[in-house]
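For reference, the structure is listed below as C-alpha cells.
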Amino acid sequence: MPDKLPPKRDLNWGRISKTLSFWLLLILIPIAFFRLSGSGADAPAEIDYTTYGQQLDNGNIQRVTIEDGKTIDGDFKARIRVNNRDVSKFTVRLPVANDSKEVERLRQKNVIISAQDAKPSLGGYVMTFLPWILIIGIWIFLFRQMQAGGAKAFSFGKSKAKLLTGDTPKVTFSDVAGADEAKEELQEIIEFLKDPQKFTRLGGRLPKGVLLVGPPGTGKTLLARAVAGEAGRPFFSMSGSDFVEMFVGVGASRVRDLFEQGKAHAPCIIFIDEIDAVGRHRGAGLGGGHDEREQTLNQLLVEMDGFESNDGVILIAATNRPDVLDPALLRPGRFDRQVVVDLPDLRGREEILRVHLRRVPVSEDLDVSTIARGTPGMSGADLANLVNEAALLAARRNHERVFLSDMEEAKDKVMLGAERKSMVMKEDEKRNTAYHEAGHAVCAIKTPGCDPLHKVTIVPRGRALGLAFTLPTEDRYSVTRQQLEAMLVMTYGGRVAEEMIFGHEKVTTGAANDIQKATSLARRYVSQWGLSDAIGPVLVGDNEQEVFLGRELSHRREVSEKTAQLVDGEVARLLTESYNRARQTLETNADLLHAIAAALLERETLTAEDIEILVRGDKLPPRKISGPPPAPATPVAVPQPKPAKPPLLGGPEPAPA
C-alpha cells in the first residue's frame, strides 16, 4: 500500500507575521539611517577649507547655503575630483562661525547666498519620536491583553457561568446519601433530558425549574453537582451574587447572556446557587428609586417563562431562605417543583457516615449505627466535619485507624466545643460550677419528660465553664408541653442549686445564659405555640418580622396593651413555676445533688453510665487509664419508620462565666 500522505498543517500566522516584521525592520532601519545621514550617489562631499578657498578664488562656486553660521553647503559650477570621485556638491566647516568677511568674499565672486538652521541629526530624530513610539507600543500591548481576556474590558454584561466539562471531577448519586426523595425527584429530571419521548408521549412537558430548599449543610449544592455528573448534558453553574455588580444593568444583561448560552447548548441544565441573593421579594425595603436587583429578577422571570420560550433549558436553584423569595418566581411554570432537602433522619445519617468513612480506615469497634443514634439534628456537613475531626484526632494520637474513642471525642468537640484544659479555676469557682452543673443534672434526671443526660462536665468547653448536655434517644418532629416544661425546670436547676448551697448573697452571674434561654422558650410557649391556658390558642405578635422584607410595613397591627400585659404575666408565671419546681426537685434529691457535685470535683467529667451508678446510690468504679481503644460495641438496632430532628432541644447549658 502506498504511504499515507502526512496530514496538512495549518499555517501558523502568528509565527509568519513575526518573521515578516523582523525582516522588514532589518531592511528599513539601514534605509532610514542612510536617508537621515545623507549618504548616496550624489551626496555632497566634505572638503577642507583650503580647497574651498581655492575653488572660490577660481570662481567655480555657484551657490552656497550657510547652516547655523558654522557650515557651508554649496554647488560647484564644474565638477571637481574629491576622494576619487567627481562631485558637484560640497560641505565645508568654517574656521570662524558667523564670519562677516567670509560673506563679503562670496559676494565679490557673485555667489548666490542663502542661510538656514542646522539640520537635526539622527539622535535628534530618535529623541523626538521615541516617546510617541513608547506610548503607541504600550497602548497596543494593553489592547492585546484586553482581547486575550486579561482585563476583560467591555465584558461586564457577559455571564460568569461556568460550563462543567469532562475534566471536572464527577459527583454521582452514589456520593449523595440521606436525601432519597430529593434524589428521586432529580432522577426524573435526568431521565427527561436523556429520553424526553418517554414522558411527552402522554402529554407531559419538561419541567422548567426545580428549587432545592433546605437548611444549610443538607447537601443542596452537592445534589446539583450529582445531577451534573449523572445527566451527561451541558451544565452551567453560577451563584446568585454573580449577577449584580456596581454597574447598572449588568445583572439583567448577564441573565440574558446566561439563557442565550443555555439555548445554544439545549437541552442543558443551569444551576444558580443561593438564588435568594437575586430573587428577593420585590417592593421590599425602606428605600426607593431604581433597584438593580429588581431589574435582574424581572429579567430572570421573563427568561424562565415569558413571551419567548426556552425549551430544553432546565433551571435548578438552591436556597435556605425560601420565605424571602418573590411569589412570581415560585409559581408553576417557572419553578414547577420545590424539592425539600431536610436534615437527615437516623437511617440517612448512617448512610452519610458510611459515604464519608469510605476513604477513612476504621477499626472493627466503630459501629456506624451507634454514632448515627448519638448525632440527632446533625446535617450532612456536620457529619462530614465529625468524620474529619475524628481522622485528625486519630492521626494526632498516632493511630493507624480511627477508633470509636476517637469518634466519640470528636463528637463531643463538635457538639459541645473544644476543651480548655489549660484554663485554671479557683477552688471556690470550681465548686460553684460543680454544683451548678449538678443542679442541671438532677433536674434532668428527676423531671418527667426531660431528655436523658449524655455528659456532665466542669471542664471549660467553648465559652462555657461547664456543661450538662442532654441527648434525645431518637429523632422527633414535634415537642410536647411536658417536654417543654421539663426543659424550663432543667434550665433553672443550676441557679437554684447555687442559691441552695451557697446562699442568696453568693449567687453568681453564671446563669445568665440559662435565664435568657428560659425566657425565650417561655415567651414562645405563650405567644406562638398557644400552650397558655390564660391566653389560649392565639398567636400574639404575628407581624413581628424583619423590616427589610417590606411586607405590611405601612399597616402594622400592634398588640393591645392589655394583651401585652397578659402575655408578660403568663411568661412570668410560667418561669416562676419552673423555678419553684426546680427548687422542690433539688430539695427532695439533695443527697444526689451532693454526690454528683463531689464526683464532678473528683473526675471533672461524668458520662451517662457514671450518672446511672450515682442515681442507684453506688460508688463509682476506679477511673480507667487512657490506653488502647475500648472493645467493640455491640450494634443495637432501633426500629423506627422515619424519625426527625429535635427542635430547640439538646443544646449545651453553659455554667458561670
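The values are calculated or read from the model by the stated rules, or taken from the named source; none is laboratory data. Treat the numbers as computed from the prediction; the structure is a model and nothing was measured. Glycine gets a Cβ as well: all are built from the backbone with ideal geometry, and neighbour counts include every protein chain shown. Side chains included, ligands, DNA and RNA excluded: accessible areas come from the protein's heavy atoms. Shrake-Rupley method; radii C 1.70, N 1.55, O 1.52, S 1.80 Å.
Name the one entry in Gly510, Gly494 that is under 21 Å from Ser578 (Cβ atoms), at pLDDT below 90 and open to solvent by less than 10 Å² (accessible area, probe 1.4 Å). Criteria check complete, one pass: Gly510.
When the stretch 115-155 is limited to residues that are surrounded by fewer than 11 Cβ atoms within 10 Å (Cβ to Cβ) and of a type in the set (Gly, Ala, Ser), the one that is modelled with the highest pLDDT turns out to be Gly137. Of all residue pairs spaced 6 or more apart or on separate chains, those with beta-carbon atoms under 7 Å, a first member in the stretch 439-454 that is assigned to a loop (DSSP other than H, G, I, E, B) and a second member that is modelled with pLDDT under 90 and aliphatic (A, V, I, L, M) are Asp451/Leu471; Asp451/Leu649; Pro452/Leu471; Pro452/Ala608.
Name the single residue that is modelled with the lowest pLDDT among those in the stretch 532-557 being more than 37 Å from the chain's Cα centre (by Cα) and open to solvent by 40 Å² or more (accessible area, probe 1.4 Å). Checking each candidate, the answer is His555. Which residue pairs have Cβ atoms closer than 9 Å, lie 6 or more positions apart in sequence or on different chains, and pair a first residue in the stretch 399-418 that is at positive phi with a second residue that is open to solvent by less than 20 Å² (accessible area, probe 1.4 Å) and among the basic types (Lys, Arg)? Once the first residue is at positive phi and sits in the stretch 399-418, its partners that are open to solvent by less than 20 Å² (accessible area, probe 1.4 Å) and among the basic types (Lys, Arg) give Gly417/Arg461. If only residues of the stretch 351-390 that are modelled with pLDDT of 90 or more and acidic (Asp, Glu) are counted, the one that is nearest to Gln187 (Cα to Cα) is Glu351.
State which residue pairs qualify: first residue over 14 Å from His454 (Cα atoms) and inside the stretch 598-611, second residue open to solvent by less than 20 Å² (accessible area, probe 1.4 Å) and assigned to a loop (DSSP other than H, G, I, E, B) in any location, beta carbons under 7 Å apart, and separation of 6 or more residues or different chains. Between residues of the stretch 598-611 that are over 14 Å from His454 (Cα atoms) and residues that are open to solvent by less than 20 Å² (accessible area, probe 1.4 Å) and assigned to a loop (DSSP other than H, G, I, E, B), the close pairs are Leu600/Ile458; Glu604/Ile458; Glu604/Val459.
Specify which of the listed residues (Glu505, Glu474) is surrounded by fewer than 16 Cβ atoms within 10 Å (Cβ to Cβ) and in contact with a Leu (Cβ under 8 Å, 6 or more places away or on another chain). Going through Glu505, Glu474 in turn, just one is surrounded by fewer than 16 Cβ atoms within 10 Å (Cβ to Cβ) and in contact with a Leu (Cβ under 8 Å, 6 or more places away or on another chain): Glu474. Within the stretch 579-591, one or more residues are hydrophobic (A, V, I, L, M, F, W, C), touching a helix residue (DSSP H, G or I) at 6+ places or on another chain (Cβ under 8 Å), at pLDDT 90 or above and under 23 Å from Trp529 (Cβ atoms). Condition check for Glu104 on (1) open to solvent by 30 Å² or more (accessible area, probe 1.4 Å); (2) closer than 18 Å to Glu46 by Cα: one failure, at (2). Scanning the stretch 172-206 for residues that are part of a loop (DSSP other than H, G, I, E, B), surrounded by 14 or more Cβ atoms within 10 Å (Cβ to Cβ) and either at pLDDT below 80 or of a type in the set (Lys, Arg) (or both) turns up Pro196, Leu206.
Table: residues versus (1) open to solvent by 40 Å² or more (accessible area, probe 1.4 Å); (2) touching a strand residue (DSSP E or B) at 6+ places or on another chain (Cβ under 8 Å); (3) more than 19 Å from Leu606 (Cβ to Cβ).
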| site | (1), (2), (3) |
| --- | --- |
| Arg397 | yes, no, yes |
| Glu408 | yes, no, no |
| Glu419 | yes, yes, no |
| Ala434 | no, no, no |
| Glu437 | no, yes, no |
| Cys443 | no, no, no |
| Leu453 | no, yes, no |
| Pro460 | no, yes, no |
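Selection of first residues in the stretch 321-335 that are touching a residue at least 24 places away in the same chain (Cβ under 8 Å) and more than 14 Å from Arg282 (Cα to Cα) and of second residues that are surrounded by 13 or more Cβ atoms within 10 Å (Cβ to Cβ) and among the small types (Gly, Ala, Ser), restricted to Cβ pairs under 8 Å at least 6 apart or on distinct chains, gives the following pairs, ordered by first then second residue: Arg334/Gly209; Arg334/Ala328; Phe335/Gly209; Phe335/Ala317. Which of the numbered conditions does Thr218 fail, given that it passes all the others? Conditions: (1) in a helix (DSSP H, G or I); (2) touching a Pro at 6+ places or on another chain (Cβ under 9 Å). Against the list (1) in a helix (DSSP H, G or I); (2) touching a Pro at 6+ places or on another chain (Cβ under 9 Å), Thr218 comes up short only on (1).
Give me the pairs, please: first residue somewhere in the stretch 75-90 and within 15 Å of Gly59 (Cα to Cα) and touching a residue at least 12 places away in the same chain (Cβ under 8 Å), second residue anywhere and among the basic types (Lys, Arg) and in a strand (DSSP E or B), beta-carbon distance under 7 Å, and either six or more positions apart or on two chains. Once the first residue is within 15 Å of Gly59 (Cα to Cα) and touching a residue at least 12 places away in the same chain (Cβ under 8 Å) and sits in the stretch 75-90, its partners that are among the basic types (Lys, Arg) and in a strand (DSSP E or B) give Asp75/Arg63; Asp75/Lys89; Ser88/Arg79. Does any residue of the stretch 412-435 turn out to be out of contact with any helix residue (DSSP H, G or I) (no Cβ under 7 Å at 6 or more places or on another chain), over 22 Å from Thr508 (Cβ atoms) and of a type in the set (A, V, I, L, M)? Scanning the stretch 412-435, I find at least one residue that is out of contact with any helix residue (DSSP H, G or I) (no Cβ under 7 Å at 6 or more places or on another chain), over 22 Å from Thr508 (Cβ atoms) and of a type in the set (A, V, I, L, M), so the answer is yes. Any idea which residue in the stretch 347-388 is nearest to Leu222 (Cα to Cα), counting only those that are of a type in the set (S, T, N, Q) and part of a helix (DSSP H, G or I)? Step by step, filter the stretch 347-388, then rank; the result is Asn385.
The set of residues from the stretch 513-527 being open to solvent by 20 Å² or more (accessible area, probe 1.4 Å) and within 35 Å of the chain's Cα centre (by Cα) comprises Asn513, Gln516, Lys517, Ser520, Arg524.
Within the stretch 577-597, the set of residues being crowded, with 16+ Cβ neighbours inside 10 Å and either in a helix (DSSP H, G or I) or in contact with a His (Cβ under 9 Å, 6 or more places away or on another chain) (or both) comprises Ser578, Tyr579, Arg581, Ala582, Arg583, Thr585, Leu586, Leu592, Leu593, Ala595, Ile596, Ala597.
Among the residues of the stretch 302-324, those that are surrounded by fewer than 21 Cβ atoms within 10 Å (Cβ to Cβ) and either outside any helix (DSSP H, G or I) or touching a Phe, Trp or Tyr at 6+ places or on another chain (Cβ under 7 Å) (or both) comprise Asp305, Gly306, Phe307, Glu308, Ser309, Asn310, Asp311, Gly312, Asn320, Arg321. Counting only strands (runs of 3 or more DSSP E) that fall entirely inside the stretch 54-95 and contain at least 2 residues that are of a type outside the set (A, V, I, L, M) and open to solvent by less than 30 Å² (accessible area, probe 1.4 Å), the qualifying elements are 71-82, 85-93. Leu343 passes every criterion in (1) touching an Asp or Glu at 6+ places or on another chain (Cβ under 9 Å); (2) of a type outside the set (Val, Ile, Thr); (3) part of a strand (DSSP E or B) apart from (3). Here Ala224 meets each of (1) within 21 Å of the chain's Cα centre (by Cα); (2) farther than 26 Å from Pro322 by Cα with one exception, condition (2). Scanning the stretch 218-236 for residues that are open to solvent by less than 30 Å² (accessible area, probe 1.4 Å) and among the small types (Gly, Ala, Ser) turns up Gly219, Ala224, Ala226, Ala228, Gly229, Ala231.
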